[in-house]
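Here's the structure, in structure tokens; my notes come after.
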Amino acid sequence: MKEALMRIASQFALEGTVRSIDPLGGGFINDTFIVRTSDGAPDYILQRKNKNIFPDVPAMMENIRKVSEHIGRRVAAEGGDPRREAMTVVPTRDGALCHCDAAGEYWAVTEFIADTVAYDKADSEALARKGGEGIGRFQALLADFDEPLAETIKGFHNIRHRFAQWDEALGRDAAGRVKDLAEEIGWIESRREEMMRFWELVEQGTIPTRVTHNDTKISNILFDCTGRVLCVIDLDTVMNSTSLNDFGDAIRSYCNTGAEDDPDLDRVELSLPMFRAYTEGYLSERARQLVPAEIDRLAFSARYITYEQVLRFLMDYIDGDTYYKTAYADHNLVRTRAQYKLLQSMERQAEAMCAVVGELAAKYR
Ligand SMILES: Nc1ncnc2c1ncn2[C@@H]1O[C@H](COP(=O)(O)OP(=O)(O)O)[C@@H](O)[C@H]1O
Ligand SMILES: [Mg+2]
């Protein structure tokens, strides 16, 4: 293993001499290693990219390079350090952005950003605010990015695409479960039009398409030792979409007082204080660039993304549990109900959420 990793690392244009390569825990998607070097050279992150999730790793790496270089230029123009505040993709010795090994696995290298603080989970208002700042700053640095990005995961957060899959899944009824799900299917159908209306605004350009991160968890944000946002990492999912999708997805996960698959629905609510904290962080970085159509629908985007998740869990249950890993028989149905409870909590608090957005958008404009 050690030698195999050494051989892979040697494909890349690293500075210095490789001293050691060790696994670095923490991620869920890729296999991550830290490559330590000598001679005062930087250390590196070596990753085996998950090709089950990303069918086109070279296109994904091209997205990451474009976005990282843009952020680096913006950081440098502001007088910051692009080697710490942006990701730096290290090419192979032949100038490719990834290396395909004999087993067909894809590997990529970035510079390791040292002396940082990271958090596993945003479990306080202070951390929720930091998370909002991180994604807000990331989007702000990319506000003037205008190169096309590859759609590395097709139809991501595109509800028109999801409804097409949904209609097929209902028609197929692969696991024979549709007859017992009239109530749950009604949850989806009764909101179909409302959700399509939102997505049509994106399709028409009323809500602009920009660069989104698409995996906004706080563990993907590195902070410096004073607690300032340094760099957003894990850019595997960057794509062109509405900024609101990043916001909505963060709210769905940061602000749920229960678990995504909580069997006890009494525990599941949207926490308004956590919503305020994330929104404050986000808008403090981003309010000045968002157009009114985006501000107006920022709170709604949390419902849009949560609704999509209800649909996806229920659709997988209808399909016979083929997409999400399940730990027990009705896991996808439990997830469906827990996310639906969260959606209802957001619907109940819609007015209060809009008021928070309005107040903070005015404060940071
Ligand atoms: N450039 C980097 N500098 C410092 N640490 C990094 C860097 N890239 C990744 N890491 C560390 O490795 C972990 C996993 O990397 P990540 O790209 O988030 O993979 P995954 O997609 O599996 O979550 C991160 O949570 C972080 O701790
Ligand atoms: Mg990660």
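FYI, it's all coordinate maths here, none of it is from the lab. Note that the coordinates shown come from a computational prediction; the quantities given were computed from them, not determined experimentally. Don't worry about glycine lacking a Cβ; one is built from the backbone with ideal geometry, like all the others, and counts go over all protein chains shown.
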>> Under a crude label model (7 Å from the Cα following the beta-carbon direction), how far is residue 100 from residue 114 in nanometres?
In response: 3.6 nm
>> Cut-off 15 Å, label point 7 angstrom out along Cα-to-Cβ of residue 15: give me the residues of the stretch 90-104 whose amide nitrogen falls inside.
In response: 90-91
> Highest GNM mean-square fluctuation, the chain, Cα pairs closer than 10 Å: which of 254, 324, 340?
Replying inline: 324
> Considering only Cα-Cα distances, which of the following residue pairs are longer than 30 Å: 179/341; 217/325; 2/130; 154/341; 179/217; 66/217?
Replying inline: 2/130; 179/217
> According to a simple spin-label model (label point 7 Å from Cα along Cα-to-Cβ), what is the distance in nm between residue 228 and residue 1?
Replying inline: 3.9 nm
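Just rank 363, 217, 51, fewest to most, by other beta-carbon atoms within 10 angstrom. Can you show the working numbers first?
Details: 363 11, 217 19, 51 14.
By the 10 Å Cβ count, ascending, the order reads 363, 51, 217.
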> Given 268, 190, 300, which one lies farthest toward the positive end of the charge dipole of the chain, if we put +1 on the Cβ of every Lys and Arg and -1 on the Cβ of every Asp and Glu?
Replying inline: 300
> Which trypsin sites (Lys or Arg not before Pro) does the stretch 66-169 hold that lie in a coil by DSSP with at most 16 other beta carbons within 10 Å?
Replying inline: 93, 121, 154
> In debye, nearest 20: dipole of the chain around its Cα centre with unit charges on the Cβ of K, R (+) and D, E (-)?
Replying inline: 420 debye
>> If neighbour count is taken as other Cβ atoms inside 10 Å, put 221, 185, 318 in order from fewest to most.
In response: 185, 318, 221
> Any idea what the dipole of the stretch 2-111 comes to, in debye rounded to 20, about its Cα centre with Lys/Arg Cβ at +1 and Asp/Glu Cβ at -1?
Replying inline: 80 debye
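Among 354, 225, 255, rank each residue by its count of other Cβ atoms within 10 Å, from fewest to most, as a rough exposure measure. Write out the running numbers ahead of the final one.
Working: 354 16, 225 9, 255 26.
Sorted ascending by nearby Cβ count, the order is 225, 354, 255.
Tell me whether the stretch 2-111 comes out rounded, prolate or oblate; compute the Cα gyration tensor, take square roots of the eigenvalues as a ≥ b ≥ c, and use a/c under 1.5 as the rounded threshold.
Numbers: a/c = 1.74, a/b = 1.21, b/c = 1.44.
Oblate, because a/c is 1.5 or more while a/b does not exceed b/c.
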> Toward the positive end of the charge dipole of the chain, about the Cα centre and with charges on Cβ (Lys, Arg +1; Asp, Glu -1), which of 243, 52, 256 goes farthest?
Replying inline: 243
> Comparing 54, 247, 28, which has the greatest mean-square fluctuation in the GNM of the chain with Cα pairs linked when under 10 Å apart?
Replying inline: 28
> Of the chain, which part is the longest with no GluC sites (Glu not before Pro) in a loop (DSSP not H, G, I, E, B) and with at most 16 other C-beta atoms within 10 angstrom?
Replying inline: 152-259
> Hey, got the dipole for the stretch 161-284? About the Cα centre, +1 on K and R Cβ, -1 on D and E Cβ, debye to the nearest 20?
Replying inline: 360 debye
> Taking +1 at the Cβ of each Lys and Arg and -1 at the Cβ of each Asp and Glu, which of 112, 329, 212 sits farthest along the dipole of the chain towards its positive end, judged by Cα position relative to the Cα centre?
Replying inline: 112
> What is the gain in length, in nm to one decimal, between residue 77 and residue 168 on full extension, counting 0.36 nm per residue of separation less the C-alpha to C-alpha distance?
Replying inline: 27.8 nm
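Please state the shape class of the stretch 125-364: rounded when a/c is under 1.5, otherwise prolate if a/b exceeds b/c and oblate if not, all from the C-alpha gyration tensor. It would help to have the intermediate numbers written out before the result.
Details: a/c = 1.69, a/b = 1.51, b/c = 1.12.
Verdict is prolate for the stretch 125-364.
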